[in-house]
Amino acid sequence: MSVIEQDRAKSKADWKVTMNPDDLYKNPMNIAWTFKYILSGDKVEDLYKRAKQNQWDSDEYLPWDTPVDPSKPMINDRSDMYHRMPFFSKLSKSQQETFTAHSTAQLLSQFLHGEQGALMTAACVTHSVPDATAKLYAATQTMDEARHVEVYARYCDKIAIVYPMSLWLKALIDATLKSDRYEKIMIGMNMIVEGLALGAFNNMYRTTQCELLKKLTFNVMRDESRHVSFGHAYLGPVIAKLPEDEVEDLADFAFQAVNILAHGGAGGTLASRVDPGFMQVLANCNIEPDDFFKGIEEAEAAGITQELPPGQIHSLKDLMLPALARVGLLTPTVRKKYDEAGIPVFEDPRVLEAMEGGHPVAA
Ligand SMILES: [Fe+2]
Ligand SMILES: [Fe+2]
């Protein structure tokens, strides 16, 4: 029975009883009506038009009948960070293959759960943003994210495994969804989580050997490039008009979110001892956790995890921090906090700009 069929087989009553109380909470957001229906005629309207023109139906667009062997790695060995760790070469070939297959499944599961978070934040922006054009645009993003949940759920079903959501990713999206202003929702999602996603999708697109996953990721990435553009096009002018104390409040919110992310995994990977999903990956591959994390520490000490494989994007350095810098959220006050937290600040927007405008770097 597939993962989706197993879930379908569970009764709705059972699902309600087993729901985790942390997964149900209230958000303090204001809901904003607007009666000025005239569209803005600026870049946000262009993004809305582009979003309407670029809707796609995964039933028609993607080759779902492509066979996928869940036991085989879906990505190229040479571009996998773990393959560059000395510890990894000591594992047997079959252990390496099993680990690559499971760690990729764990990553794809984070894409799926993250997309659900994006669906909810986009809906939140739709009802809380006070501008008519931004509301219409956010509605298109809500549809985009629904499609992304659908396609990743279908792909995870093909590989027959869904790992739990990483705790740090849930903490990051929960902090965004629990925030009290639409600006914070957009900072948390359109700048930080989608910066993370755009980098991860680009890297997956470049490294996967599965034609279905490649095409799926490419189409999702095109949508995501619009979502990141929206964060800049709409929020930039809004922030420029805010009083200094409110800008500091938003800058501090952005720092707290980046800090959750920067300390989420070891060496820029999803590996974490406190992540039940990742520990499950190690257990499924018969890898001793102490040996694995010692291997990560050795690789970090040797500087191996600092360098990305060629052509890959570093989400924090290339996308998120330049996006925050561009809208004035790296204030002198908050830069001290980045410094104290050991997070280097990067402001070069070239990779970010190349990926916006519907022309991802990977294209
Ligand atoms: Fe998405
Ligand atoms: Fe998105």
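FYI, it's all coordinate maths here, none of it is from the lab. As the structure is a computational prediction, the values presented were derived from the model and not from experiment. Don't worry about glycine lacking a Cβ; one is built from the backbone with ideal geometry, like all the others, and counts go over all protein chains shown.
General remarks:
- The phi torsions of segment 122-133, fed into the Karplus equation with coefficients 6.51, -1.76 and 1.60 and a -60° offset, translate into couplings of 5, 5, 4, 5, 4, 8, 10, 6, x, 9, 4, 5 Hz, rounded to whole numbers, with Gly and Pro shown as x.
- Here the 3J(HN,Hα) profile of segment 159-166, calculated from phi with Karplus coefficients 6.51, -1.76 and 1.60 at θ = phi - 60°, is 8, 6, 8, 10, 7, x, 5, 4 Hz, Gly and Pro shown as x.
- Glu297-Ala171 FRET efficiency (beta carbon distance; Förster radius 22 Å; 0.05 resolution): 0.40
- Angle between the chain longest axis and helix 289-301 axis [Cα atoms, degrees, rounded to 10]: 60 degrees
- Remark: the Asp252-Glu353 segment gains 33.9 nm on full extension, using 0.36 nm per residue and subtracting the alpha carbon distance.
- Cross-link pairs beyond the 21 Å C-alpha cut-off, checked among Lys72/Lys93; Lys184/Lys337; Lys26/Lys52; Lys93/Lys158; Lys26/Lys241; Lys43/Lys135: Lys26/Lys52; Lys93/Lys158; Lys26/Lys241
- Residue order, fewest to most surrounding Cβ atoms within 10 angstrom, among Glu340, Glu194: Glu340, Glu194
- Cα-based helix-to-principal-axis angle, 244-262 vs the chain, degrees rounded to 10: 10 degrees
- Shape of segment 250-302, Cα gyration tensor, a/c cut at 1.5: oblate
- Helix axis angle, 43-53 relative to the chain longest principal axis, alpha carbon, degrees: 50 degrees
- GNM flexibility winner over the chain from Lys214, Lys52, Lys158 (Cα, springs under 10 Å): Lys52
- Put a dot 7 Å past the Cα of Asp290, heading toward its Cβ, do the same for Lys43, and the two dots end up 5.4 nm apart.
- Listing Lys184, Lys26, Lys72 from fewest to most neighbouring C-beta atoms within 10 Å gives Lys26, Lys72, Lys184.
- Three-way shape label, segment 188-290, alpha-carbon gyration tensor, a/c 1.5: oblate
- Stretching Glu60 away from Lys241 to a fully extended chain increases their span by 60.8 nm, per 0.36 nm per residue minus the current alpha-carbon distance.
- Other-chain or far-sequence residues with amide H under 5 Å of Ile75's (modelled H): Gln209
- Arranged from fewest to most other beta-carbon atoms within 10 Å of their beta carbon, His314, His148 become His314, His148.
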